Amino acid sequence: MSNTRISTVGHRGAAGHAPENTLAAVESGIALGVDYVEVDVQRTSDGALVLMHDKFVDRTTNGHGRLSAMKLDDLRKLDAGDGQKIPLLGELLEVATGRVGLILETITPGIGSIVSSFVADCGFQSPMIFASFLHADIFRIRAQNEKALTMALFEGVPIVPSRFTADARATHAGIALDSATPELVEKLQKNGVEVFAYTADTDYQIDLAISLGVEGIISNFPERIGKRMSL
C-alpha cells in the first residue's frame, strides 16, 4: 500500500490487548513493537498524577466517582481490569524509559506544565510528545520548554487549519479519522506540523489513514498497521 515510514502508536497502551491505560497495556504495546504508546494523565484530589482517560472511574474500574475528587489511596484499591491497578505516571515512565516513546495526553485542565516538569525530573530517555485537547496546556509546555514536542488534538475541521496549531505552538496535530481529509493533512504539513490520525482499528480505517499521508497512526491494535503497510 505504501513504503512511507509511519509511526505506530498503541492507543491507551494497546487497549485491544489489555485493559486500557494500565501497565499491562503498555507492556502489550512494547511487545508489539510500537514506536509510541499513548496514555491519558489526570490528577487526583491529593495531587497524584495517574493514568486514566475518563473523568469518572465507573467505565474502566470496579469503582464509582469522579477521579479528580478521589484520593490516590482510594484509587489504588480499584481494579482497572484483569487485576490491574491504576498506574502512577512515575510507574509508567519507569516501565517505558529506553523501551518505547510516549504520547501523554493531559485530561485535567492546567496540569500540562506539571506533567512536563515531572517527566524532565525523571530523566525519561525515550521520545516524548505531550498532547491535549486543552491547547492552552500544550502552549504552556512550549513556553516552559521550547524544545518540547507537543500535539494539539482536535475533532472537526477548523476554518484556518494552520491557525490552531500555530496558536498552541504545537509541533504535531492529532486528528480524528472521521475529520481528516487529504487537504487538511497537507495544509498542516506545509506549515511544518506532523500529523497523527486516531483511532484506526479496522483494515478500512487503517488503509484510509495511510492514504492520507499522515506521519503516525494511533490504534488499539497497532500490529495491524504494519500488516496493512506491507500490502
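The values are calculated or read from the model by the stated rules, or taken from the named source; none is laboratory data. What you are looking at is a predicted structure, and each value in this text was computed from that prediction instead of being measured. Because the Cβ atoms are built from the backbone with ideal geometry, glycine has one as well, and the counts that use them run over all protein chains shown.
What number of residues within segment 57-100 satisfy the criterion of being assigned to a helix (DSSP H, G or I), of a type in the set (Gly, Ala, Ser) and out of contact with any strand residue (DSSP E or B) (no Cβ under 7 Å at 6 or more places or on another chain)?
2
What about PHE124, is it surrounded by 16 or more Cβ atoms within 10 Å (Cβ to Cβ) and part of a loop (DSSP other than H, G, I, E, B)?
yes
Kindly indicate which of ALA170, ALA152, ALA131, ALA197 is buried (at least 21 other Cβ atoms within 10 Å of the Cβ), assigned to a loop (DSSP other than H, G, I, E, B) and at pLDDT 95 or above.
ALA170
Here are the criteria: (1) closer than 20 Å to ASP137 by Cα; (2) surrounded by fewer than 20 Cβ atoms within 10 Å (Cβ to Cβ); (3) within 16 Å of the chain's Cα centre (by Cα). Tell me which single one THR106 does not satisfy.
Checking THR106 against (1) closer than 20 Å to ASP137 by Cα; (2) surrounded by fewer than 20 Cβ atoms within 10 Å (Cβ to Cβ); (3) within 16 Å of the chain's Cα centre (by Cα), the one that fails is (2).
Being assigned to a helix (DSSP H, G or I) and among the polar types (S, T, N, Q) is the requirement here; does SER162 meet it?
yes
All but one of (1) buried (at least 22 other Cβ atoms within 10 Å of the Cβ); (2) without any contact (Cβ under 8 Å) to a residue 12 or more places away in the chain hold for PHE56; state the number of the condition that does not hold.
Checking PHE56 against (1) buried (at least 22 other Cβ atoms within 10 Å of the Cβ); (2) without any contact (Cβ under 8 Å) to a residue 12 or more places away in the chain, the one that fails is (1).
Can PHE124 be described as aromatic (Phe, Trp, Tyr), under 22 Å from SER28 (Cβ atoms), at pLDDT 95 or above and more than 14 Å from the chain's Cα centre (by Cα)?
Yes.
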